[in-house]
Structure formats: C-alpha cells, structure tokens
Amino acid sequence: MKIELVSPYHYTYAPMLIGGILKDEGFDVSISKVLDRKSADIILLSLYSTFHLIDERIKAFLIENKDKEIIVGGPISSCPEMVLKEIPIDAVVIGEGEETILEVLNNGICDDVKGLAFFEDGEIVKTSPKPLFNIDRPLPLIPDDISRENIRGANVYIETHRGCIGNCGFCQVPIYFERKIRSRSIENILDEVKAFKKKGCKRVSISGGTGSLYGFDKKINNSAFIDLLQGISDIMGRKNVSVPDLRVDYINDEVLDAVKNYTIGWIFFGIESGSDRVLKKMRKGITAEKCLQSVEMAKEYGLKVAGSFIVGYPGEEEEDFEKTKSFMEEAMLHDFFISIAEPIPKTPLSKEILSIGIDENTVFKKDKGKYKVYGLTEAEARYLDLSLCGEINKFFPRVVDSKAFEAHLKEARKQGDEIRKITKLLFKYKSFL
C-alpha cells in the first residue's frame, strides 16, 4: 500500500508530522505539494483554509484522482459535513490526526475509528475525536527541497506546543486544540531542528500560537521558552531563527532579551484594532494601551515590531476604524499585516457573521466614502485605507507610489472576493455550524 501526503502549494508542517509518524510505523509514504496525477493507493490531503473547498485546482486534482482513496485532514475539519459535501473525498479526520490516521490505515474507514467523518448509506457518520496527551513524535518526513520553501521568510514553522489560553473570537486554535497548553519536550524539538538543518533548511520559525506559552503547562514561567530559543539558536545560528507570534500580555524583560539574543530580532504582535470596544468584541483580553506599551517595550530592546490588524469585524464603526489608524500613526511599526475579518467555521466570529446576515456585512456593502470610485466594499475600503496609513507611518516610512497603491488595491479586492465566497459557503451549511 503506497500512501502520498499532499500539501497544496506549500509544505505545511502537519503533513510532514503525519508522514514521519507513518514512516516510523513502516508505511510506504511520500510527500508532495504538487496537484497532479498520483500513483499512490491512498492520498492524505492536508487542508487548512476554508477557501480550499472552493479552489478549482484542488477540485480538479480530486477528480483526476477519484480512483484513489482520499482522506482529508487539517483545521478544515471543524465542519466535516461541509468538507464531505463540497469535495469528492472518502473521509475527513476530525481534530488531531496522529492516532486517527493510523487507525484508518490499519482498520479502514469505519465507525470504530475515533475522530472520523464519512458517508455511509447516504448519511454522514461522525465519531468523537481523540485528543493527544503526549505530543512528542518521531522525526517528520522532510521533503528534499524544503530549503526552497518560503513562508513569511522561513522554510518551516515548527510546532512547539498545542493550545492557547486566549479566547479570540476569530481564532480556531482554542477550538481545534483547546485552551489547555500541551508542550513538547525540548529534546524532541531540538532533534527535529537538527533534522531540518540536515535536509538543507536555512531558517526555522517556531509556532504553536503564542510562542512564549511554550512550557506554560509545566508551571516554570518563561525559562522553558528561553531555553528552547537558545537551543534552536545554537543549532541554526540566531540569524536563522524567528519567533514571530507573541501576545502583548505574555512578554516581559526576560522574553524580550531572549528574542534579541537568540533570533533575527523581530516580534509579531496580534494587535488587531486600536479600539478597545472592538478588541472587547474580538475577545482579545487586551487594550490598545497595552498593545502600545508592548510595542514600545520591544523597541527599547532594539527589536523590530510587526503587527497584525483586522478590519471589517462585525460592529466596527467608523470611529473604531479611525482609532486603529491613530494607533498605526503612534506605534510606528516596522511592518504590518492586515486582514479582512474571515469567518472560520465554528468560531464565535463565524456565528456572529451568520447572525447578522449579508446585508449588514461590510464585506458585501458598497463603500460610499473616498474610495467609492474603485467600486470597493466597506471592508475592502478600510483594508486599503489602513494599508496606506501603515505605509506612511512605518518606523521607516515608505512613499506610496502608483505601483504600491495598485498592489494594496489588488490585495483588498482579492481578500474581499475570497471572504465573500467563504461567507456564502458558510450560509449554505449554516445548519451544521
């Protein structure tokens, strides 16, 4: 039995993890990011975005390989009914898939397998997922061309822990992995880093939500996180290590000092809004003032700071948006990332968007302000406006010429189009959400 793991377009971490487990169990397994005709008997397809369900290239790939047994896994599994009904596959792994996929390969698709959804006699059968307690694992199945991968500057994002104590309304992590933190052993992580370096990996980034929550379950403050950064840096060299995702309320002098000494020196904060009212609606558990304090604190350590922002969140008024622009002006970030609010299935955000309907959703409502000449929606116009504000208020300001303007305009339209399609898809499956 030949198995192929497919990670569309990019080598994401989960397929490499599953591939390593299967290889360790003696299976004949390979990994690919190319959507073409496969010679394998079973295809394990990793999907992490709702948009994958309406991706025509993925649909064509599935049709081309319809004679194979195809099993889907990944964060997309939060609504398995939608996956099974939208794309031609045999089963969906629900939640964490390490043990489930081994059971499927050994016993077949059946209701004895925990964490699985599939059709049986025209009806969808779902079994309860089985969370893992120990997330240490064998070495991953690393592609030979991993050094060519580039995801936000890194070849790979290595998982250090699962879970998040936060409760952000737009985030899937607490739903998918729950809020309790489960950390890998530092030895297991460092062995993996060595394996990636041996395969030619030039830069690694650590993930798992908020990086500084690593070791939080062991009640040893930040020492585990600091030891981890030092260990990875000793292997890769500090210029080849990044730890981008940190919460503004889970940093301190020791954490910032470690980021400065053992990484490329960048921090990525999930700021999301400059309005406390919107931050409360997002369930962020922080204030705009706390965000600004953390930005300034990181700068004092000589770190470069990037921030993420979300526009078009339900209930965001013009006054809230103006506060976010004011935050941008005061913070003077080194870089920024903006997203139009995306309703990921089963999140509080998705439920709120389904409750307000399409007519009141800013990603559908036409903008009547200064950007109406471009035919944008309100959410798209806010994306564009905040992007331009961010460029001219960076720590090193950038002149927005016609080329830069067109790039931001194109991205605003692209995000708006994708999220409208996703929103309509969620309405189609509202009864399952």
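The values are calculated or read from the model by the stated rules, or taken from the named source; none is laboratory data. Bear in mind that the values here come from a model prediction, so they are computed numbers and not experimental data. Cβ atoms come from the backbone with ideal geometry, glycine included; neighbour counts cover every protein chain shown.
Restricting attention to segment 1-10, the residues that are in contact (Cβ under 8 Å) with a residue 40 or more places away in the chain, under 14 Å from residue 45 (Cβ atoms) and not in a strand (DSSP E or B) add up to 2.
Of the residues in segment 23-42, none is in a helix (DSSP H, G or I), closer than 24 Å to residue 170 by Cα and outside the structural domain of residue 204 (by TED's automatic domain parsing).
Among the residues in segment 181-203, are any among the β-branched types (Val, Ile, Thr) and surrounded by fewer than 20 Cβ atoms within 10 Å (Cβ to Cβ)? Yes, the conditions are met somewhere in segment 181-203. Candidates are the residues of segment 1-57 that are of a type in the set (Lys, Arg) and under 21 Å from residue 83 (Cβ atoms); the one that is surrounded by the most Cβ atoms within 10 Å (Cβ to Cβ) is 38.
Scanning segment 227-279 for residues that are under 27 Å from residue 168 (Cβ atoms), free of Cβ contacts under 8 Å to residues at least 40 places away in the same chain and of a type in the set (S, T, N, Q) yields a count of 2.
Applying the criterion of at least 3 residues that are within 16 Å of residue 272 (Cα to Cα) and assigned by TED's automatic domain parsing to the domain that holds residue 168 to the helices (runs of 4 or more DSSP H) found wholly in segment 293-411 leaves 318-331, 378-392.
Of all residues in segment 381-405, those that are closer than 21 Å to residue 365 by Cα have Cβ atoms under 6 Å from Cβ atoms of residues that are in a loop (DSSP other than H, G, I, E, B) and among the acidic types (Asp, Glu), 6 or more apart or on another chain, in 381/367. In summary, residue 176 fulfils each of the numbered conditions (1) modelled with pLDDT of 85 or more; (2) outside any strand (DSSP E or B) with the single exception of condition (1). Among the residues of segment 167-180, is any of a type in the set (Gly, Ala, Ser), in contact with a Phe, Trp or Tyr (Cβ under 6 Å, 6 or more places away or on another chain) and closer than 29 Å to residue 309 by Cβ? Within segment 167-180, not a single residue is of a type in the set (Gly, Ala, Ser), in contact with a Phe, Trp or Tyr (Cβ under 6 Å, 6 or more places away or on another chain) and closer than 29 Å to residue 309 by Cβ.
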